[in-house]
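Working notes, structure below.
The values are calculated or read from the model by the stated rules, or taken from the named source; none is laboratory data. Just so you know, these numbers come straight off a predicted model, no measurement behind them. Here Cβ is always computed from backbone atoms with ideal geometry, including for glycine, and neighbour counts include all displayed protein chains. Quick note on the areas: whole protein, heavy atoms, side chains included, nothing else; ligands and nucleic acids left out. Shrake-Rupley method; radii C 1.70, N 1.55, O 1.52, S 1.80 Å.
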Amino acid sequence: MSHPIYRVVFFERQAPYTLRVCFDDETEQVIDFHTILEGDVFGPLRDAALFSQVRIDPEVHTLAWPNEADFDPATLHDWPERFPELQKMAKRWSLEETKN
């Protein structure tokens, strides 16, 4: 099964932890990441200074951060459909953090 390949071509900050992300198919999403910033990979991005260091990875054309956090561009592109599952995963990551 194949799925479309998307590339992030531009982003801009809309609010704390919220980015407008533009794709190569001329669509865009406004994404509030705040509620999914949990766990070992995404939790550190709750630090606003680290979150603000977001960039477009030139190899995979997605959002990436210095701590090696990133998202599949298809996840970003289809955020409204993927968000409920990401929220469930973030809750699980948060529970794992509290156990450690």
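Note on the range 18-28: residues that are over 11 Å from the mean Cα position of the chain (by Cα) and either aromatic (Phe, Trp, Tyr) or open to solvent by less than 40 Å² (accessible area, probe 1.4 Å) (or both) total 2.
Of everything in the range 47-70, what is in contact (Cβ under 8 Å) with a residue 24 or more places away in the chain and surrounded by 12 or more Cβ atoms within 10 Å (Cβ to Cβ)? Give them in sequence order. Result: 51, 52, 54, 56, 61, 62, 63, 67, 69. So, residue 75, is that one in contact (Cβ under 8 Å) with a residue 12 or more places away in the chain, of a type in the set (Ser, Thr, Tyr) and either under 23 Å from residue 9 (Cα atoms) or open to solvent by less than 40 Å² (accessible area, probe 1.4 Å) (or both) or not? It is false that residue 75 is in contact (Cβ under 8 Å) with a residue 12 or more places away in the chain, of a type in the set (Ser, Thr, Tyr) and either under 23 Å from residue 9 (Cα atoms) or open to solvent by less than 40 Å² (accessible area, probe 1.4 Å) (or both).
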